[in-house]
Structure formats: C-alpha cells, structure tokens
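Readers should treat all values here as calculations from the given coordinates under stated rules, not as data from a laboratory. All values derive from a computational prediction rather than experimental measurement. A quick note on method: Cβ atoms are made from the backbone with ideal geometry, for glycine too, and the neighbour counts reach across all protein chains shown.
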Amino acid sequence: MQFKIQVFLKSSVLDPQGKAVLGALHSMGFRDVTGVRVGKIFSVEVADGDPKEVRGRVEEFSRKLLCNPIIEDFTLLP
C-alpha cells in the first residue's frame, strides 16, 4: 500500500521559508500571491494488510517521526 503524507507548519507558527518564497514571487512580479506556506511530502510504501490497521500505523509513525507535533501537523493525501 502506498501513502503520501503532507507535513506542514501549524497555522499559529510563523513560516520563514514561506515568507521568503512570497518575497521572491513578489520580486518576480507575482504580486497577486498573498500567502505561501511551505511543507513537505513523504511517499511511503507499507506491506499489505488490513487497510484500517495499516492506515492507523501510518498515522502513528507520521505523528511520532515525520512531523514535530509541537509546531507541525500532517495529513494523509488521497
């Protein structure tokens, strides 16, 4: 089974990389862009099993390893 996990900063956390990208976009003439949040995506393959159980394990290791739960959150992408 394949999963894509998107990790991103919580909305309450400042995103200096997003601010830098926004500044670069504005300097390139893309003034209509009003906000950028930077994140990362993990593509993970897991051995087949019960889909609910596997998804639960993916959520568990995403919370424990792939993101810092103090400042980041994650979502499983379709």
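Before moving on, here are some points about what is shown:
- Options R63, R37; residue that is in a loop (DSSP other than H, G, I, E, B) and either surrounded by 13 or more Cβ atoms within 10 Å (Cβ to Cβ) or of a type in the set (G, A, S) (or both): R37
- Of the criteria (1) in a loop (DSSP other than H, G, I, E, B); (2) charged (D, E, K, R); (3) surrounded by 12 or more Cβ atoms within 10 Å (Cβ to Cβ), which one D48 fails: (3)
- Of the residues contained in region 1-8, one or more are found to be in a loop (DSSP other than H, G, I, E, B), touching a Pro at 6+ places or on another chain (Cβ under 9 Å) and in contact (Cβ under 8 Å) with a residue 24 or more places away in the chain.
- Among the criteria (1) free of Cβ contacts under 8 Å to residues at least 12 places away in the same chain; (2) β-branched (V, I, T); (3) part of a helix (DSSP H, G or I), the one I70 does not fulfil is (3).
- Members of region 20-34 that are of a type in the set (A, V, I, L, M, F, W, C) and not in a helix (DSSP H, G or I): M28, F30, V33
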